[in-house]
Amino acid sequence: MEMTGAILLLLASIVFLVSALGLVRMPDVYNRIQTSTKATTLGTILAMAAVAFLHPDWTPKLALVVLFILLTNPISSHVVARAAYFKRVKLSDRTVEDQLKDKLEG
Amino acid sequence: MNVKAVFLTTIFGFLLWLGLTLQVDPYNMAIGGVVALLLGGIFGAKSSWRDLKLTPRSILAVAIWVVVLMIEIVRSTIDVMLRVIAPRVRINPAIVEVKTRLKTKTGRLALASSITLTPGTLTADIQDDRLYIHWIDAQSTDVDAATREIVRKFEKHLEVIFG
Amino acid sequence: MADQIVYIALLIIALSIGISMFRFVKGPSIPDRVVAFDTAGIISISVIVVLAHSFGRLIYVDVALVYGLLSFIGVLVAARYLDRGL
Amino acid sequence: MEIFLIIFAVLTVASALIAVATTKKAVSILAAGVMGLFASIVFIFLAAPDVAMTEAAIGSGLTTFIFFFALNRVKSDRAQGGADD
């Protein structure tokens, strides 16, 4: 029981580490948002599951934390992406196509 | 119509109260129930819950949607992690346009949030029934093909839930 | 054994907060910094919950709940300011 | 566990220094928010959950909101242009 929780926590920490690395390595804001949101969501779920294994009587409150993360995390990344786009932060050179620009100008 | 929204708001508030206090004695539950009923009566009728359908089929669809979402979160995170770790970052980003058949605001919000949590896609803007999606590895920039690829797997469940 | 693994995991999580702070310092644009702020906040929630486990007190999880909701509001306000003003 | 207290204390001081040293106002406000975040973790290490909760609510949530609100007002009074820095 304890070992399961500890190993889940180690997995969560690796997911967090990769999300932070993605924040540094990606070329533009939009790709950074991609890596950070997805990885932190799964990382938080894994960490809460780990602590729920370590303390089974805390499970309802940890489930509430997961619920809040699932509700707020996509919205905050959506809002930041929108703000970045309308502030005209440049897309990286490797971007293939931008249909939103065509829509706004055309 | 309104009774359903009030009922769902009350139930949600009561469960929130139980989760936050973690005590199951009658006194605590009575307080939580009264406050939840009061708040549900005042705010429930105009809340987003009224977009939800309450039939056996839609409850089943909620369960399926949650399972699909969980699988997609795990898949997307592993996919994105592999892209980050690769020696030269493997990306092919594009902003593509997709269409949705959902009518209600809450349904579109749920769809946009689900898309943001799935493999390499991020909703950047919504204008009426068009969603603009930043796709980390764009396979096709055609509207219909992108819609098939990204939207369909959630939309068919959300359509049952929100109508 | 389990305690040592939790210790190592906490060390890795602290390292990832440090890396995301690097992006906060470097910039270059303000949305970059908002993303770094958001990431650091969400990772901190897990730090707080793991600390609640190692001190063995449930009350610390409440701090994590409050933190999760309020850092979301901070990001929302910052993005709204950038977008079209409050 | 002492090492984590030291790490987060150093991060708190570092983000406070960023808030003071930077020339852009929005970055300064965000750095103050990050400082509130790390300060609340330090308070948890010092076994003060109530102070940590207050610091999270006031230092990171409310202060960010009020500062951005005030900055927006100042900008729109001074010029009708966009908020660039």
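The values are calculated or read from the model by the stated rules, or taken from the named source; none is laboratory data. Predicted model, so just to flag it, every value in this text is computed and none were measured. Cβ sites come from the backbone with ideal geometry, for glycine too, and all protein chains shown count toward neighbours.
List of remarks:
- Verdict on residue A:72 being under 28 Å from residue C:8 (Cβ atoms) and among the hydroxyl-bearing types (Ser, Thr, Tyr): no
- Residue tally, condition in a helix (DSSP H, G or I), without any contact (Cβ under 8 Å) to a residue 24 or more places away in the chain and surrounded by 15 or more Cβ atoms within 10 Å (Cβ to Cβ), over region B:79-99: 2
- The single condition among (1) facing chain C (nearest Cβ under 9 Å); (2) part of a helix (DSSP H, G or I) that residue D:47 does not satisfy is (2).
- Residue within region B:126-136 that is of a type in the set (Ser, Thr, Tyr), buried (at least 18 other Cβ atoms within 10 Å of the Cβ) and either under 23 Å from residue A:41 (Cα atoms) or at the interface with another protein chain (Cβ under 8 Å from one of its Cβ atoms) (or both) present: yes
- Filter pass, residue B:36 being assigned by TED's automatic domain parsing to the domain that holds residue B:17, surrounded by 15 or more Cβ atoms within 10 Å (Cβ to Cβ) and part of a helix (DSSP H, G or I): yes
- Between D:42, D:27, the distinction of being of a type in the set (Val, Ile, Thr), part of a helix (DSSP H, G or I), at pLDDT 85 or above and under 19 Å from residue C:45 (Cβ atoms) belongs to D:42 only.
- For region C:25-44, a residue qualifies if it is part of a helix (DSSP H, G or I), more than 7 Å from chain A (Cβ to nearest Cβ) and surrounded by fewer than 23 Cβ atoms within 10 Å (Cβ to Cβ), and the qualifying residues are C:25, C:26.
Okay, residues lined up against (1) without any contact (Cβ under 8 Å) to a residue 24 or more places away in the chain; (2) more than 19 Å from residue B:106 (Cα to Cα):
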{"residue": "B:3", "(1), (2)": "yes, no"}
{"residue": "B:37", "(1), (2)": "no, yes"}
{"residue": "B:47", "(1), (2)": "no, no"}
{"residue": "B:52", "(1), (2)": "no, no"}
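- Hits in region D:23-44 - residues which are facing chain C (nearest Cβ under 9 Å) and farther than 16 Å from residue C:36 by Cα: D:24, D:40, D:41, D:43, D:44
- Residue among B:69, B:60 that alone is at pLDDT 80 or above and away from chain A (no Cβ under 13 Å): B:60
- Residue within region A:81-104 that is at pLDDT below 85, surrounded by 24 or more Cβ atoms within 10 Å (Cβ to Cβ) and more than 10 Å from chain C (Cβ to nearest Cβ) present: no
- Of all the residues in region A:9-24, those that are crowded, with 21+ Cβ neighbours inside 10 Å and more than 14 Å from residue B:84 (Cβ to Cβ) number 3.
- Some residue of region A:25-37 being surrounded by fewer than 23 Cβ atoms within 10 Å (Cβ to Cβ) and either closer than 27 Å to residue B:14 by Cβ or touching a helix residue (DSSP H, G or I) at 6+ places or on another chain (Cβ under 8 Å) (or both): yes
- Scanning region B:17-46 for residues that are within 14 Å of chain A (Cβ to nearest Cβ) and either within 23 Å of residue B:104 (Cβ to Cβ) or among the polar types (S, T, N, Q) (or both) gives B:21, B:23, B:28.
- Enumeration of residues in region C:45-60 that are at the interface with another protein chain (Cβ under 7 Å from one of its Cβ atoms), closer than 11 Å to residue D:44 by Cβ and in contact with a Phe, Trp or Tyr (Cβ under 8 Å, 6 or more places away or on another chain): C:48, C:49, C:51
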